[in-house]
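The structure under discussion appears below in the form of structure tokens.
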Amino acid sequence: MHVDMDAFFASIEQADNPDLRGKPVVIGQSLRGVASAASYEARRYGIHSAMPIVQARKLCPHAVFLPGRMARYKEVSHQIMGIIHSLCPVVEQASVDEAYADITGTGRISGPPEVLARRLKEKISTGTGLTCSVGIAPNKFLAKIASDWNKPDGLTVILPEEVPSFLSRLPLSKIPGVGHRTLEELSRLGVTVVSDILRHPRQFWIDRFGKRGLFLHDRALGIDHSPVEPEGDSKSCSAENTFSQDTLDPEILKRWLLIQAERVGRKLRSTRKKGTCISLKLKFNDFAVLTKAVSLHEPTHRTRDIFNATCALLAEQRLVKPVRLIGTCVSNFRAEQHRLPLFPDAESAKQDLLDQAIDQIRDRFGSRSILRAEAAATPESVQDLLSKKNCKSGGK
């Protein structure tokens with residue numbers, strides 16, 4: 001089962017402020033930013049999430065543009081996830097506004113899946129005043145498509161015997177993970193709906209697209225073996241920031257990499273995880289994206305290790321275009337193991353103690369209560385760095 005909240009951020013604003021109900025609402029104000037959400041009233045004008053605010057304002061000048069309240073959205077998200085957990089035994093939170101639930105074998109207690117889904121929708125509506133759309137299907141891939149089928153406030157069930165007919169008429173753009181470039185390549189082959197893929201044998205797609213071809217053929221057959229992974233099993237932990245002005249200044253970029261390393265490291269330490277793959281993401285002023293990664297010999301959750309790795313990746317790049325966004329990601333997790341090293345590293349032990357001390361201060365006094373001196377070029381810029389709100393962090 002896949003549960004997806006309807007226009008989540010915008011719907012919260014409308015639920016909290018009755019004056020906004022029935023009006024086009026867009027979350028995002030900065031002319032340099034993008035819309036993080038749009039109410040269904042705003043969508044009628046062609047506005048959608050990730051659309052540049054400048055374009056959204058042209059499409060609907062009378063829309064209400066709001067800066068967003070992430071603390072409030074996380075609060076409601078926590079409430080919703082609690083409701084899902086109360087009815088479903090195995091839950092994977094996919095994002096702040098969506099989750100998968102494995103309801104295999106729950107029929108004797110909860111009744112048929114559709115009955116369970118309606119009870120869940122009712123509890124969410126009663127508890128939050130919000131609507132959600134639910135998809136029920138044999139696997140995660142199909143359930144996600146089903147939840148999007150009858151939005152908003154929808155409920156779609158795909159039975160195993162209905163999968164072939166359902167997929168046969170499905171546009172390829174509806175398959176999660178198939179991007180614009182792949183769609184263009186497939187269009188040149190005359191492939192526009194899922195059934196077109198099955199006109200060619202499996203090996204044809206493997207030869208032409210490699211792993212992507214295998215993925216496409218599996219999806220065309222309705223195959224997805226990925227399990228529902230409970231909370232704590234997220235594959236990565238990341239932080240990103242969009243600059244108020246594009247920059248080529250390496251010192252500014254490195255200061256933000258340190259702040260992001262602290263955010264990511266703190267999250268990893270709180271969930272007792274370490275990762276061996278550290279990635280740097282750069283988005284330039286023309287919206288082109290560059291991602292580089294390095295694999296470490298030993299897993300880590302140290303702020304200094306993460307920072308040093310992303311700085312090294314940054315130093316390898318010859319920056320020509322100004323940078324609009326910078327991001328840090330740690331993945332390839334391994335559970336933290338408490339083993340005494342054969343040859344203790346004094347510097348690593350020192351960094352562990354420093355991270356622990358900073359974490360404790362922030363846990364007690366808040367995340368803005370302490371900042372490493374390296375993160376600010378001058379004392380005057382400390383407050384500016386701490387006041388940035390256009391960041392995202394946590395497991396993806």
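Has the stretch 20-30 got at least one residue that is in contact (Cβ under 8 Å) with a residue 12 or more places away in the chain, hydroxyl-bearing (Ser, Thr, Tyr) and under 21 Å from Met5 (Cβ atoms)?
Residues of the stretch 20-30 in contact (Cβ under 8 Å) with a residue 12 or more places away in the chain: 20, 22-30.
Narrowing the set further to residues that are hydroxyl-bearing (Ser, Thr, Tyr) leaves 30.
Pick out the ones that are also under 21 Å from Met5 (Cβ atoms) and you get none.
Looking for residues that are in contact (Cβ under 8 Å) with a residue 12 or more places away in the chain, hydroxyl-bearing (Ser, Thr, Tyr) and under 21 Å from Met5 (Cβ atoms), one finds none in the stretch 20-30, hence no.
Take the residues in the stretch 303-333 that are in a strand (DSSP E or B) and of a type outside the set (A, V, I, L, M); name whichever of them is modelled with the lowest pLDDT.
Result: Phe333.
Considering Val134, Val163, Val90, Val157, which residue is within 23 Å of the chain's Cα centre (by Cα) and surrounded by fewer than 20 Cβ atoms within 10 Å (Cβ to Cβ)?
On the way: Val134 fails: surrounded by fewer than 20 Cβ atoms within 10 Å (Cβ to Cβ); Val163 fails: within 23 Å of the chain's Cα centre (by Cα); Val157 fails: within 23 Å of the chain's Cα centre (by Cα).
The unique qualifying residue is Val90.
Name the one entry in Gly82, Gly68 that is within 20 Å of Asp4 (Cβ to Cβ) and crowded, with 18+ Cβ neighbours inside 10 Å.
Values: Gly82 fails: crowded, with 18+ Cβ neighbours inside 10 Å.
The unique qualifying residue is Gly68.
Limited to the stretch 279-295, what total is found for residues that are modelled with pLDDT under 95 and in contact with a helix residue (DSSP H, G or I) (Cβ under 7 Å, 6 or more places away or on another chain)?
2
Name the residues in the stretch 301-323 that are of a type in the set (Lys, Arg) and surrounded by 18 or more Cβ atoms within 10 Å (Cβ to Cβ), would you?
The initial filter retains those residues of the stretch 301-323 that are of a type in the set (Lys, Arg), namely 302, 304, 318, 321.
Passing the criteria: Arg302, Arg304.
Between a residue in the stretch 257-283 that is touching a residue at least 12 places away in the same chain (Cβ under 8 Å) and any residue that is part of a strand (DSSP E or B) and of a type in the set (D, E, K, R), which pairs come within a Cβ distance under 6 Å, given they are 6 or more apart or on different chains?
Lys274/Arg334; Leu280/Lys292; Lys283/Arg324
Lys144: surrounded by fewer than 17 Cβ atoms within 10 Å (Cβ to Cβ), touching a residue at least 24 places away in the same chain (Cβ under 8 Å), of a type outside the set (Val, Ile, Thr) and under 30 Å from Ala10 (Cα atoms), yes or no? Lay out the reasoning, then the answer.
Numbers: surrounded by fewer than 17 Cβ atoms within 10 Å (Cβ to Cβ): no; touching a residue at least 24 places away in the same chain (Cβ under 8 Å): yes; of a type outside the set (Val, Ile, Thr): yes; under 30 Å from Ala10 (Cα atoms): yes.
Here the answer is no, as Lys144 does not meet what is asked.
Where residues in the stretch 106-129 are surrounded by 18 or more Cβ atoms within 10 Å (Cβ to Cβ) and out of contact with any strand residue (DSSP E or B) (no Cβ under 8 Å at 6 or more places or on another chain), which of them is nearest to Ile84 (Cα to Cα)?
Kept after step one, since they are surrounded by 18 or more Cβ atoms within 10 Å (Cβ to Cβ), are these residues of the stretch 106-129: 106, 113, 116-117, 120-121, 124, 128.
Next cut, out of contact with any strand residue (DSSP E or B) (no Cβ under 8 Å at 6 or more places or on another chain) only: 106, 116, 128.
On the way: Thr106: 14, Leu116: 10, Thr128: 13 Å.
This residue is Leu116.
Determine if the stretch 6-13 includes at least one residue that is free of Cβ contacts under 8 Å to residues at least 24 places away in the same chain and of a type outside the set (D, E, K, R). Before you say what the answer is, go through the steps one by one.
Of the residues in the stretch 6-13, the ones free of Cβ contacts under 8 Å to residues at least 24 places away in the same chain are none.
Among the residues of the stretch 6-13, not one is free of Cβ contacts under 8 Å to residues at least 24 places away in the same chain and of a type outside the set (D, E, K, R), which makes the answer no.
Could you please let me know if Ser270 is within 30 Å of Asp363 (Cβ to Cβ) and buried (at least 17 other Cβ atoms within 10 Å of the Cβ)? So that I can check it myself, show each step before the final result.
Values: within 30 Å of Asp363 (Cβ to Cβ): yes; buried (at least 17 other Cβ atoms within 10 Å of the Cβ): no.
Taking the combined requirement at face value, the residue does not satisfy it.
What is the residue count in the stretch 166-182 for residues that are surrounded by fewer than 16 Cβ atoms within 10 Å (Cβ to Cβ) and part of a helix (DSSP H, G or I)? Let's see the steps before the verdict.
The first filter runs over the stretch 166-182 and keeps only residues surrounded by fewer than 16 Cβ atoms within 10 Å (Cβ to Cβ), leaving 168-169, 171, 173-174, 176-177, 179-181.
Those still in the list that are part of a helix (DSSP H, G or I) too: 168, 173-174, 180-181.
Matching residues across the stretch 166-182 total 5.
Could you list, in sequence order, the residues of the stretch 104-126 that are out of contact with any helix residue (DSSP H, G or I) (no Cβ under 6 Å at 6 or more places or on another chain) and either among the hydroxyl-bearing types (Ser, Thr, Tyr) or touching a residue at least 12 places away in the same chain (Cβ under 8 Å) (or both)?
Going residue by residue through the stretch 104-126, those that are out of contact with any helix residue (DSSP H, G or I) (no Cβ under 6 Å at 6 or more places or on another chain) are 104-109, 111-115, 117-119, 121-122, 125-126.
Result: Thr104, Thr106, Pro113, Glu114, Ala117, Arg118, Arg119, Lys121, Ser125, Thr126.
Of all residues in the stretch 190-226 being surrounded by 13 or more Cβ atoms within 10 Å (Cβ to Cβ), assigned to a loop (DSSP other than H, G, I, E, B) and not β-branched (Val, Ile, Thr), which is farthest from the chain's Cα centre (by Cα)? Working first, answer last.
Within the stretch 190-226, the subset surrounded by 13 or more Cβ atoms within 10 Å (Cβ to Cβ) is 191-198, 200, 202, 204-206, 208-209, 212-224.
Checking which are assigned to a loop (DSSP other than H, G, I, E, B) leaves us with 191-192, 198, 200, 221-224.
If we keep only those that are not β-branched (Val, Ile, Thr) too, we end up with 198, 200, 221-222, 224.
Numbers: Leu198: 31, His200: 34, Leu221: 27, Gly222: 24, Asp224: 20 Å.
Selected residue: His200.
Taking helices (runs of 4 or more DSSP H) that do not extend beyond the stretch 1-63, which have at least 3 residues that are buried (at least 24 other Cβ atoms within 10 Å of the Cβ) and modelled with pLDDT under 95? Outline the logic, then answer.
Values: elements: 8-16, 40-43, 53-59.
Here the list is empty.
In the stretch 156-165, what residues are free of Cβ contacts under 8 Å to residues at least 40 places away in the same chain and in a helix (DSSP H, G or I)?
Going residue by residue through the stretch 156-165, those that are free of Cβ contacts under 8 Å to residues at least 40 places away in the same chain are 156, 158-162, 165.
Of everything in the stretch 156-165, those that are free of Cβ contacts under 8 Å to residues at least 40 places away in the same chain and in a helix (DSSP H, G or I) turn out to be Pro160, Glu161, Glu162, Ser165.
Taking the stretch 345-361, which residues are surrounded by 12 or more Cβ atoms within 10 Å (Cβ to Cβ) and at pLDDT 80 or above?
To start, the set of residues in the stretch 345-361 that are surrounded by 12 or more Cβ atoms within 10 Å (Cβ to Cβ) comprises 348, 351-352, 354-355, 358-359, 361.
Across the stretch 345-361, the qualifying residues are Gln351, Asp352, Leu354, Asp355, Ile358, Asp359, Ile361.
The values are calculated or read from the model by the stated rules, or taken from the named source; none is laboratory data. No experiment lies behind these values; they were computed from the predicted model shown. Counting neighbours? That spans all protein chains shown, and the Cβs are built from the backbone with ideal geometry, glycine included.
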